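The values are calculated or read from the model by the stated rules, or taken from the named source; none is laboratory data. These numbers were taken from a predicted model, which means no experiment stands behind them. Methodologically, a virtual Cβ is constructed for each residue, glycine included, from the backbone with ideal geometry; neighbour enumeration extends over all protein chains shown.
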Amino acid sequence: MKVKQISIFLENVEGRLYRVSSLLGQNNINIRAITIGESEGVGILRIIVNKPQDAMNVLKQNGFVAQIADIVALEVEDKPGGLANILKVLYENKLNVEYLYGFIEKFCEKALVAVRFNNPDKAIRVLKENGIRLI
C-alpha cells in the first residue's frame, strides 16, 4: 500500500523543527514517523502523518517549502537479517531503494520501514508476490 510522505525543506537553525511540530500539533495532525537528514545548513524533514493534505496546507500557509510523495510502508522481521531478506527480493527484481527509514507502530510487534522506490507500483506487486506484508 502506498503511504503519503511529506518532505519539508528546513534551514538548520534553532527552533525550525519545533515550529513544524508545533504547527502540526495545533492543527490536530499526528506525526506517525519522522526522520531528518542534514547537509550544509539545510535539512530535509520527512514525516508520515495522519492527515497529509491538511499538513501540506498548514505548512504552505506558514511559509514552509514542502512536497508530498508516495512511499511504501512494510513489515520487516525484527531479527538479524530481516531487512536483508527484503532487500534481496528487491535487488533480484531490479527495484532501486532511493531511501528508507524505520519507525514503530503500536499495533505490531514487527519492525516497520518506510521506503521510497524508483517504481512504487512494481515494488508493491513484488513485495506482495513474495509474502511481504505492507501496511
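A few points about this structure:
- Options Asn50, Asn57, Asn62, Asn118; residue that is among the polar types (S, T, N, Q) and farther than 28 Å from Val13 by Cα: Asn118
- Residue check: Gly102 meets all listed conditions (1) surrounded by fewer than 18 Cβ atoms within 10 Å (Cβ to Cβ); (2) among the small types (Gly, Ala, Ser); (3) assigned to a strand (DSSP E or B); (4) at pLDDT 85 or above but one, namely (4).
- Positions within the stretch 56-80 being at pLDDT 95 or above and of a type in the set (Val, Ile, Thr), in sequence order: Val58, Val65, Ile68
- Among the residues of the stretch 49-66, some residue qualifies, meaning at least one is aliphatic (A, V, I, L, M) and exposed (fewer than 15 other Cβ atoms within 10 Å of the Cβ).
- Any hit, the stretch 7-15, residues being modelled with pLDDT under 95 and within 12 Å of the chain's Cα centre (by Cα): no
- Residues being over 28 Å from Val42 (Cβ atoms) and hydroxyl-bearing (Ser, Thr, Tyr) - total across the stretch 56-108: 1
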